[in-house]
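Input: a single structure, listed below in structure tokens.
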Amino acid sequence: MVEGSNTVKELLIKNNLELRKSLGQHFLVDPNISRKIIRLSGITPESQILEIGPGVGALTAMLCQTAKSVVAIELDSRMLPVLRDVLEPYDNVTVIHGDVLKLDIKVIVNEYFAGISCSVCANLPYNITTPALEVLFEAGVFDNITVMIQREVARRITAKPGTTDYGAFTVYANYHSTPEILFDVPPECFNPRPKVFSSVINMNIREKKLLIPDEEKLLFRIVRAAFGQRRKTLVNALYTVFNDLFEKKDIEKIVVNCGFNPKVRGEMLSLDEFIVLTSNFLKHFVTFCR
């Protein structure tokens, strides 16, 4: 089992490995943090876990000791021999060599977990945090996602309307889940040390979609438009994107009918208010097409 910075360094030296910044590799070396992640994520002996970026297997080994089964996806082929050695004592783990951004996650879950509910627990590589979360959300096969990410990104995900950190990805993540920051992790818990703090965030996946697919697509188009030019009012930002469908006065009417001030900016709207706006857009779109 891998515990402590010295052991990680020894494994890297033994296998003649140099960490690659391009892969966002910062390995967790504090076993107490790994234990805390697993404890707060609610993993039980019946849990089935997908891990992304296991590295040298520090967290992976603990997951194997706690969960029923673990599938770990590792992009860096140089880490595979290390993982084989570290995880050799465990018969409940599978390591897949591949890119989580290119793999079909739903197929992997159905193959290795027999379609039974599963969760994600991982120290995500910094350089793929946002696209990796998008892949996991869109897969639609997880009950829960607990990941360690840059504190800045965690704060964006949990930000409140009207704050600097609040943005399109905040709305997107909250549409799919109910996120909560569990705790922060300082740089000295990693090898090599990152220049920023990390946070462990737990995201319980919503049991039911809030909108049907076509409505969902429109919602995120509206959200992207609203945050695309933050200095503009919501009306002006939406008109920039939807001017092929609506006159500006029509968009202002839609915004006012939602109960919003016509001068409001998109960053002030909550997820629920964006959903109301989407519903009103659809009503006016139907009227427009008649």
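Numbers for the structure displayed
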item: Strands (runs of 3 or more DSSP E) wholly inside region 22-129 containing at least 2 residues that are closer than 26 Å to PRO179 by Cβ and touching a helix residue (DSSP H, G or I) at 6+ places or on another chain (Cβ under 9 Å); result: 48-52, 69-74, 118-123
item: Residues located in region 126-176, provided they are modelled with pLDDT under 95 and touching a His at 6+ places or on another chain (Cβ under 8 Å); result: TYR126
item: Selection within region 139-158 - outside any strand (DSSP E or B), under 10 Å from the mean Cα position of the chain (by Cα) and surrounded by fewer than 24 Cβ atoms within 10 Å (Cβ to Cβ); result: VAL153
item: Any hit, region 46-55, residues being under 19 Å from GLN150 (Cα atoms) and either exposed (fewer than 15 other Cβ atoms within 10 Å of the Cβ) or more than 21 Å from the chain's Cα centre (by Cα) (or both); result: no
item: Hits in region 173-222 - residues which are part of a strand (DSSP E or B), within 18 Å of VAL135 (Cα to Cα) and not aliphatic (A, V, I, L, M); result: SER177, THR178, PRO179, ASN202, ASN204
item: Some residue of region 159-178 being farther than 21 Å from ILE222 by Cβ, under 10 Å from the mean Cα position of the chain (by Cα) and aliphatic (A, V, I, L, M); result: no
item: Top-ranked residue of region 159-182 - restricted to ones that are among the hydroxyl-bearing types (Ser, Thr, Tyr) and farther than 26 Å from ILE43 by Cα, ranked as surrounded by the fewest Cβ atoms within 10 Å (Cβ to Cβ); result: THR164
item: Residue that is farthest from the chain's Cα centre (by Cα) [pool: residues in region 232-275 that are closer than 21 Å to ASN174 by Cα and surrounded by fewer than 16 Cβ atoms within 10 Å (Cβ to Cβ)]; result: MET268
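A quick yes/no check of all residues on (1) small (Gly, Ala, Ser); (2) outside the structural domain of TYR126 (by TED's automatic domain parsing); (3) in contact with a Phe, Trp or Tyr (Cβ under 6 Å, 6 or more places away or on another chain); (4) without any contact (Cβ under 8 Å) to a residue 24 or more places away in the chain:
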{"residue": "VAL200", "(1), (2), (3), (4)": "no, no, yes, no"}
{"residue": "PHE246", "(1), (2), (3), (4)": "no, yes, no, no"}
{"residue": "LYS263", "(1), (2), (3), (4)": "no, yes, no, no"}
{"residue": "GLY266", "(1), (2), (3), (4)": "yes, yes, yes, no"}
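The values are calculated or read from the model by the stated rules, or taken from the named source; none is laboratory data. Since the model is a prediction, treat every value here as computed from it, not as a measurement. Virtual Cβ from ideal backbone geometry, glycine too; neighbours counted across all protein chains shown.
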